[in-house]
Amino acid sequence: MTIPGARQRRIVVPGEVVATGTNLVKGENLLRVGESLIATRVGLLDYTRNRVRVIPLSGIYIPRVDDRVVGKVVDYGPFAWEVDINAALPAYLPAQDVFGRGFSPARHELTSKFAVGDLIYAVIVAYDRTRDPQLSVRGPGLGKIPSGEIVKISATRVPRLIGRGGSMVKIIEEATNTRITVGQNGVVVVNGPAEGILRAVSAIRMVEEQAHTTGLTERVQRALRQGNLPPAPSRA
């Protein structure tokens, strides 16, 4: 087995041979040609034992069942809401999921629950190539998000923002006195005092920009403690 630069994570580009060996397990964003594994995306080379993968540094959100996402209601019809989840396809939230089995378009007004422009926190319950993503707001913590500052990051950076066991989000929340709702689609909502929101947004941007580097947790903690976070982008 040969993995160039295997002692350290490194950036790879499409077409680059990142590893060679018949006993290697091909992970995401790799193509096998003979004994070689070739990168198909710009990303960070990662290996665990004999499994090799490339973690993308950027990319659009690809829906997956059980993902929790932050979406924006953009339209509605007699039986469902259409929701922008920052993906190539819009998602839909069936009215029956909200009103229950007794839902009737003649008796229930969809805008009494969610109006165009509302933010919701939902879970993807169905999705494949033959249908648009279907959402549900049934479950603890799901439903309408009444307010908050919206921050969009690359969906590939979300695991780093969440951290192991939610550690990174907790660090930022506790240091800024905010509450952060993270969608796995790369849409983040921050609630709290104005100054805390600005600091939290700056910390989130720092995580996004440095997600591929080591020692990030310590750097974020130090920046929050010392108050030397990079400036947050101005609000639109």
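Coordinate-derived values only; no laboratory data. This is a predicted model, so every value here is computed, not measured. Using ideal geometry, Cβ is built from the backbone for each residue, glycine included, and neighbour counts are taken over all protein chains shown.
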C-alpha center-to-center spacing [segment 157-183, segment 134-156] in angstrom
14 Å
Taking a straight Cα-to-Cα line shorter than 27 Å from Lys170, and setting aside same-chain lysines fewer than 8 residues away, one finds Lys72, Lys144, Lys152
Please give every one of the aspartates and glutamates within straight-line cross-link reach of Lys113, meaning a C-alpha to C-alpha distance under 16 Å, and leave out same-chain neighbours fewer than 8 residues apart.
Asp75, Glu82, Asp97
Would you kindly give the portion of the calculated P(r) for segment 68-145 that falls above 18 Å, as a percent of all Cα pairs?
33 percent
Once phi for every residue in segment 208-225 is put through the Karplus expression 6.51 cos²θ - 1.76 cosθ + 1.60 (θ = phi - 60°), the whole-Hz ³J(HN,Hα) values, with Gly and Pro written as x, are 4, 6, 10, 4, 8, 9, 8, x, 5, 4, 5, 5, 5, 4, 5, 5, 5, 5
Cα convex hull of segment 100-180, projected area averaged across orientations, nm²:
8.0 nm²
Residues whose modelled amide H sits under 5 Å from the amide H of Asn185, counting only those 5 or more places away in sequence or on another chain, are Val70
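Rank the residues Ile60, Ile204, Ile55, Ile150 as a footprinting-exposure proxy: fewest other Cβ atoms within 10 Å of their Cβ go first.
The fewest-first ordering by Cβ neighbours comes to Ile60, Ile150, Ile55, Ile204.
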When the chain is modelled as a GNM with alpha-carbon springs shorter than 10 Å, which of Arg101, Arg164, Arg225 fluctuates the most?
Arg101
Given the alpha-carbon gyration tensor of the chain, what are the semi-axes of its equivalent ellipsoid in whole angstrom, ordered largest first, with each equal to the square root of 5 times an eigenvalue?
36, 26, 13
Would you calculate, for the chain, the mean residue ellipticity at 222 nm contributed by helices, counting each DSSP H stretch of 4 or more residues as -39,500 (n - 2.57) and dividing by all residues, to the nearest 500?
-5500 deg cm²/dmol
